[in-house]
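The structure appears below as structure tokens.
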Amino acid sequence: MRFRKLSLEQKNRYYGLYFILPWFAGFVFLFMVPLLSSLRYSFSNLQVTNDGFSLDFIGLSNYREALFSHESYVRILTESVVDIAVNTPLIIIFSLFFAVLLNQRFRGRVLARAIFFLPVILASGIIASIENGDLMQSVVRSANDTTGGGLSIMKNLELAVLLIESGVSITFVEYMTGAVSRIYEIISQSGVQILIFLAGLQSISPSLYEAAKIEGSTGYEAFWKITFPMISPLILTNLVYTIIDSFISDETSRLVVDTAFKSYDFGLSAAMAWMYFAVIALVLWITTSIVSRKVFYQD
Amino acid sequence: MQQSTKKELHHRMASAAYWLEFAKKWLWMAVRFVLIFGISFVIVYPILLKLSIAFKSMDDLYDSTVIWVPHTLTLDNFKLVFQAMNYPQVLLNTLLLSSAVMLLQTVTCVLAGYGFARVKFRGSGFLFAGVIFTILVPAQTIMVPLYLQFKNFDLFGLIKLIQGEPANLINTYWPFIISAALGMGVKTGLYVYIFRQFFKGIPREIEEAAYVDGAGYFTTFRSVILPNALPSMVTVMLFSFVWQWNDSFFTNMYLNEPKVMSSMMASSGYAIATFLSGGGQAETASYVQDPFFMSMMMNTSVLMAILPLIILYLFVQRHFVESVERSGLVG
């Protein structure tokens, strides 16, 4: 009897493999093979010919070109990394804060949630890029500013002066005022993170809060002693997601794409992409190794 | 009973602690309202702005007294964009492509997710590390080889054997369909991850009970596991539909001609100018040189491109938020 059950389980194990099969085929043919060829291209000079393409091995010279003789690669790459370093903490704090807000009971909660998840639907590189360089929008915005109505939250200049005069460090003030000006960018990048946090908040058992309340804890204490540790694994998840997400639509990736499809320098583009990947991997490794030490797991 | 609670209330209202509590509660409600309302406004603002611009006429455009509400509401902008961009055709293309990708991706990912949650053998963890790896590697890294692979597409030399040369799939919809069916489309790793997390949360006893009742492996999956997975499927389907709709990276790579919304938006300004001038080069230039007009057109076309998504969202929004809460998006 026991023996038969084991064999059924064993059989089922292999059935599970069939389920993975389509994904695995894609993984090999549309991921591993291109990944390896991309590595090969980065060490070669790729020429597109009539019947496919030809490869000449040229060693590290693509990497050398990207690092030392390309006019903007290093600068753009550094800017991308700095951008991510600046934006990621803001996005995490912002989305955690608003997830907590949206998790409370109040009138119009359904509507507020619907609006807050709109960026998940609309977030897209192309819409954002059109938005930034758009003339009409800036005209309307400046008209609004001069008439003094509407959205003049961007008046953070006076606030900055006030803060600096009261002795707050200049770097911090610049960071905070920068955050205010980039509020739209931050909001539009935090839709999924709010969703993840919200789902996490809902899975915390209410009895924990009840117990804390009986013991006489304040809302502030309840947040730092219960909510924060309980969703700390999700902070890690969101951190990784945010970092990866911001790599998809930044300047460096645009440069990599343009190098390939506008200047047709495929080898150089591959080399750029690999160095880019190395940088991402490094950033992810550093952040996750720092954060995961602080993460609390229930089991 | 009534009397005593009233008395109690009076008594409590006399104490300072009650009023402090009361003030704190209302202050917090006010702060919360301002914050949520403010951020909601920032999110909705660009859409409102686009709506306002899209209904403006040329006269209103140069009238400095018009900021939000135009003097005369006009549908001219919509009509123009509608014709110049071949809107119905593009809408149909995008709709079909996104739906096909959505269905294929959901099926592949739900299967893979279940497999990864239930298969246990030496190296299964390693296999799942592959999923994480596909999320981590930026698409730019494998972009060039993928492009070349689809340009000279072949299945073990079979197509070459029949046709004499490998098929060129660039500028067709096949690259999207193939990558979706094989689970390598836009952000597919994330979907596999979501499903795996969800299935890990379903107790094995449910399956064992079904086996005891005599159901086979596939029957169990279809009639016991899948119905439970509906919430996370809704989430993944919406994500996959919307991200395919908005994706400009792969569409610009695989499609030379703008056939779908996201690739069309990038070139909408030029398309409209060409349409207005009837193709003449000199006149095209004069339209392009009026930045206000072009910007108005851009705004209208972006609005028209995202409008179907917003309408879709209005319908599924309640479902979506609920389903995410129960979907296993949480580890």
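Per residue of A:200-213, other chain Cβ atoms within 10 Å of the residue Cβ number 1 on average. Counting, for every residue in A:217-229, the Cβ atoms of other protein chains within 10 Å of its Cβ and taking the mean gives 0. With a simple spin-label model that places each label point 7 Å from the Cα along the Cα-to-Cβ direction, the separation between B:E208 and A:T288 comes to 3.3 nm. Take the Kirkwood radius over Cα pairs of segment A:206-299, plug it into Stokes-Einstein at 37 °C and 0.692 mPa s, and you get 200 µm²/s for translational diffusion. Taking the fewest neighbouring Cβ atoms within 10 Å as the starting point, the ordered list for A:D245, B:D247, A:D56 is A:D56, A:D245, B:D247. Could you tell me the center-to-center distance, by alpha carbons, between segment B:188-213 and segment A:196-243 in angstrom? Here the answer is 26 Å between Cα centres.
Would you order A:D265, A:D258 from fewest to most other beta-carbon atoms within 10 Å of each residue's own beta-carbon? Please report the intermediate quantities before stating the final value.
Numbers: A:D265 20, A:D258 12.
Least to most surrounded, the residues fall as A:D258, A:D265.
3J(HN,Hα) couplings calculated from phi for segment A:228-242 with the Karplus curve 6.51 cos²θ - 1.76 cosθ + 1.60 (θ = phi - 60°) are, in sequence order, 4, x, 5, 9, 4, x, 6, 4, 4, 4, 5, 4, 4, 4, 4 Hz; Gly and Pro show x. Under 5 Å from the amide H of B:A167 lie the amide H atoms of B:F153, each residue being 5 or more positions distant or on a separate chain, with H modelled from the backbone and absent for Pro and chain starts.
Need one value for B:109-120: mean number of C-beta atoms belonging to other chains within 10 Å of its residues' C-beta atoms.
On the way: counts 2, 1, 7, 8, 3, 3, 10, 4, 2, 5, 9, 4.
Across B:109-120, the average partner-chain Cβ count within 10 Å equals 5.
So what does the Cα-only Debye profile of segment B:168-220 read at q = 0.27 Å⁻¹, as log10 I(q)/I(0), no solvent term? Treating every Cα as an identical point scatterer, log10 I(q)/I(0) equals -0.97. Remark: A:Y220, A:Y276, A:Y175 ranked as A:Y220, A:Y175, A:Y276, counting other beta-carbon atoms within 10 Å and listing the fewest first.
Using C-alpha pairs under 8 Å with a sequence gap of at least 6, the mean separation divided by the residue count of segment A:168-281 gives a relative contact order of 21 percent.
Since every read-out is calculated from the coordinates, none of them should be taken as a lab result. None of these values were measured; they are calculated from a predicted model. Reconstructed Cβ throughout: ideal geometry from the backbone, glycine too, with neighbour counts over all protein chains shown.
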